[in-house]
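> Below is one structure. I have some questions about it.
The values are calculated or read from the model by the stated rules, or taken from the named source; none is laboratory data. Note that the coordinates shown come from a computational prediction; the quantities given were computed from them, not determined experimentally. With ideal geometry, Cβ positions are generated from the backbone for all residues, glycine too; neighbour counts draw on all protein chains shown. Heads up: the accessible areas ignore ligands, DNA and RNA and are worked out on the full protein's heavy atoms, side chains in. Shrake-Rupley method; radii C 1.70, N 1.55, O 1.52, S 1.80 Å.
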Amino acid sequence: QVQLVESGGGSVQAGTSLRLSCAASGRTFNIYTLSWFRQAPGKEREFVAASPWSDDASRYSDSVKGRFTLSRDNAKNTVYLQMNSLKLEDTADYYCAASIYNGAYNQSGTYSYWGQGTQVTVSS
């Protein structure tokens, strides 16, 4: 019912910036929250940031707060993740996720739809 497509991943040096995009299509009127998760090699999937459609106040994990910033283009049903001051530990596959109800925004089980992922590699 909802399709999510991520883009913008790539390989960058530590201390630089990168912007990811997530475009939603289909029954986008069902979306309550668009969020970002990431999964590093050999690690569990973890919450990164969330953007409730009804609230301009974005939520961030402690590990990225102050470095990453979410923004939205409501007309395009697109959310952006601006990643600044990238660190080696930010290296991961980044996934966009959409929820259709107001659950715990930092839990993967809240989200019904997931994108294919986009890879971010940070090196020295």
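> Can you spot the lysines whose alpha carbon is less than 16 Å from residue 65's alpha carbon? Ignore those fewer than 8 places along the same chain.
Filter leaves 87.
> Moving on. Quick query: amide H of residue 53 versus all other amide H atoms, modeled in the peptide plane; which residues come in under 5 Å with a sequence gap of 5 or more or a different chain?
33, 34
> Pick from 106, 77, 30 the residue whose mean-square fluctuation is largest in a GNM of the chain, springs joining Cα atoms under 10 Å.
30
> Taking the solvent-accessible surface of protein heavy atoms with a 1.4 Å probe, what is the per residue accessible area of the range 30-106 in Å²?
Here the residues of the range 30-106 average 49 Å² of exposed surface.
> Provide, in order from the shortest bin, the percent of all Cα-Cα pairs of the chain in each 5 Å bin, continuing until the bin that contains the maximum pair distance.
The calculated distribution, bin by bin, is 2, 12, 24, 26, 20, 10, 5, 1, 0.
> Using DSSP to define loop residues, name the chymotrypsin sites (Phe, Trp or Tyr not before Pro) in the range 37-115 whose beta-carbon has at most 15 other beta-carbon atoms within 10 Å. Write out the running numbers ahead of the final one.
Values: sites: 37, 47, 53, 60, 68, 80, 94, 95, 101, 105, 111, 113, 114; in loops: 53, 101, 105, 111.
In loop regions of the range 37-115 (DSSP not H, G, I, E or B), the sparsely surrounded chymotrypsin sites (Phe, Trp or Tyr not before Pro) are 101.
> Add +1 for every Lys or Arg and -1 for every Asp or Glu among the other residues with Cβ under 13 Å from the Cβ of residue 116, and state the total.
-2
> Considering only 15, 42, 26, give the residue with the highest GNM mean-square fluctuation for the chain, with springs between Cα atoms whenever their separation is below 10 Å.
Greatest mean-square fluctuation among the candidates belongs to 42.
> What aspartates and glutamates could a cross-link reach from residue 76, if we take a straight Cα to Cα line under 15 Å and drop same-chain neighbours fewer than 8 places away?
Counting by Cα, and skipping residues close in sequence, residue 76 has these aspartates and glutamates nearby: 6.
> Just to be sure I understand: with springs between alpha-carbon atoms less than 10 Å apart, which residue in 98, 40, 50 has the highest mean-square fluctuation in the Gaussian network model of the chain?
Looking only at 98, 40, 50, the biggest GNM fluctuation is shown by 40.
> Still on this structure, please answer the following. Return the carbon/sulfur percentage of the accessible area of the range 1-69, one whole number, probe 1.4 Å, all protein chains in place.
45
> Could you list which residues have their amide H under 5 Å from that of residue 117, counting only those 5 or more apart in sequence or on another chain, with H placed in the peptide plane?
6, 96
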